[in-house]
1. Pull out a ≥ b ≥ c, the square roots of the eigenvalues of the alpha-carbon gyration tensor of region 310-402, then state rounded if a/c is under 1.5, prolate if not and a/b is larger than b/c, and oblate in the remaining case.
2. Would you grab the residues whose amide H sits under 5 Å from the one on residue 181? Only those 5+ places off in sequence or on another chain, please, with H modelled 1.01 Å from N.
3. Name the long-range amide H neighbours of residue 424: under 5 Å, sequence gap of 5 or more, or other chain; modelled H, no Pro or chain starts.
4. Loop-only GluC sites (Glu not before Pro) in region 166-254, please: DSSP not H, G, I, E or B, and at most 14 other Cβ atoms within 10 Å.
5. If I histogram all Cα-Cα distances within region 370-412 using bins 5 Å wide from 0, what percent of pairs lands in each bin?
6. So which GluC sites (Glu not before Pro) in region 259-340 are both in a DSSP loop and have at most 10 other Cβ atoms within 10 Å of their Cβ?
7. What net charge is computed for the residues neighbouring residue 261, neighbours being all others with C-beta under 15 Å from the C-beta of residue 261, Lys and Arg scored +1, Asp and Glu -1?
8. When Lys and Arg each count +1 and Asp and Glu each count -1, what net charge do the other residues less than 11 Å away from residue 367, Cβ to Cβ, add up to?
Amino acid sequence: MNAHDSEKVVGTLLAQGYSQVQEPADAGLVLYNTCSIRDKAEQKVFNRLQNFKREAGKGKIFGVLGCVAQQEGEKIFERAPHVSLVAGSASYTRLGEMLVQLEAGNRRVTGLSLNTDEAFDTPFTRRDNPHRAYITIIEGCDKSCAYCVVPFTRGPERSRTSESVMAEARGLADKGYTDIQLLGQNVNSYRDPSPAGWDFARLLAEVAKTPGLRRVRYTTSHPRDFVKPIVDAMDEDERLCAHVHLPVQSGSSKVLAAMDRRYTREDYLQRIEWVRAAKREYALTTDIIVGFPGETEKDFQETLDLLDEVRYDSLFSFKYSPRPNTAALKMEDHIPEEEKTRRLTIVQEKQRSIQIQRNAQLIGGVMEVMVEGRNQALGQWIGRTSCNRTLNFSHPEGGESLVGKYLNVRVTRSGPNSLVGETAAVV
Ligand code: SAM
Ligand code: SF4
């Protein structure tokens, strides 16, 4: 999501007559797009700003964008006095106006309002990848997960009209994009604000029918809003990729209640069952937080048991990080840092062994990949499967680039995080 926000910001600047340079040292204006989901990410911004200012930043104008900007607001001007622009993502519709103020010499420009009704629907997006593109369908979040800063930094939910999403999908397909990712903090709660009134399942089905598109993905889903019609829509159309990312956070219903996730372990497993019972086979991935306040050894064990039960294809795991304004901050029984580290290591080791086993089962099979790049050092092409695995493969040298092409690849080897293979036939 942040990467796509940066694409929109760059596109807006280019449309205003700015040009982009390769190295920050060559720039007159340096913008940092920031994440504040965990404390580490936030610290990084200030360290980088400080180091860059010292070495190469003399005479430049600095701006801080994104969630740290929204969260810290004007305090950033005190903490980093060389910063002249502080703007959260909900204010990017006003970016042009803010740039005019900067050009006029104003050195305290802010865009911190969250009261925007509009999603950031800019016609000026500078896409980094010529084959794979992101489309934001919903901004903000109306949930109140006790650990999460997003509702405070990205504001309330705003869905784009289905008409504008479809127009963007058609426009991208016309430009030659074949692979689209629909984005939102919680895409499942998408509600078309126009009279058509599409829900997420309908939007998925319609986007997938866009002539020219071969793959459509989406992220992220909240289990509470992940309804069966979404699985049915995916089963109907193979252009909807064979991958479901369904963040569980914890395997303990007690911890889930404390997190205010509003589903139990059983509710979650019911959703996994829908996916497992579907006609096609889907990769399943998740997010896990360890060391949430009050998480006992028994709760933690329930998370480990869940990993054994679901056998995810991959997961992102995090140590709970206390965030400003959130409900969990005031909870008791915060877990010591060393204990969080211990639990994280156990989750990651368990998952690694599950992935080794799951990936090994794919050896000998043929999978379609979209070619994303080339690893010169290994002499291999880098492909991505519909189930979102990296499949690096060798192909008879013909001099032409395969990037953006779709090929069938036979899997010959596997590791915990990727597969290796050789081309079977051009699709
Ligand atoms: N909207 C998505 C959902 O509900 O699952 C998640 C968005 S969040 C950007 C991505 C992941 O970061 C979450 O699923 C969670 O695992 C993790 N995360 C969020 N806040 C966190 C915190 N305070 N400490 C540790 N991990 C956190
Ligand atoms: Fe954060 Fe929960 Fe919203 Fe996801 S659903 S962005 S975890 S508050």
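1. Here region 310-402 falls in the prolate category.
2. HN-HN under 5 Å from residue 181: 133, 134, 135, 217.
3. 408, 409, 410
4. Values: sites: 168, 206, 236, 238; in loops: 238.
Hits after loop and neighbour filter: 238.
5. Pairs per bin, as whole percents: 6, 23, 39, 23, 7, 1.
6. Counting only loop positions with at most 10 other Cβ atoms within 10 Å, the GluC sites (Glu not before Pro) in region 259-340 are 281, 332.
7. Values: positive: 143, 224, 254, 262, 265, 271; negative: 142, 225, 260, 266, 267, 287, 295, 299, 302.
Neighbour charge sum, excluding residue 261 itself: -3.
8. Values: positive: 384, 389, 410; negative: 368.
Result for the neighbourhood of residue 367: +2.
Laboratory data are not the source of any read-out in this text; all were calculated from the coordinates shown. Values in this document were obtained by computation on a predicted structure and should not be read as measured data. Neighbour counts are summed over all protein chains in view; Cβ atoms, including those assigned to glycine, are modelled from backbone coordinates with ideal geometry.
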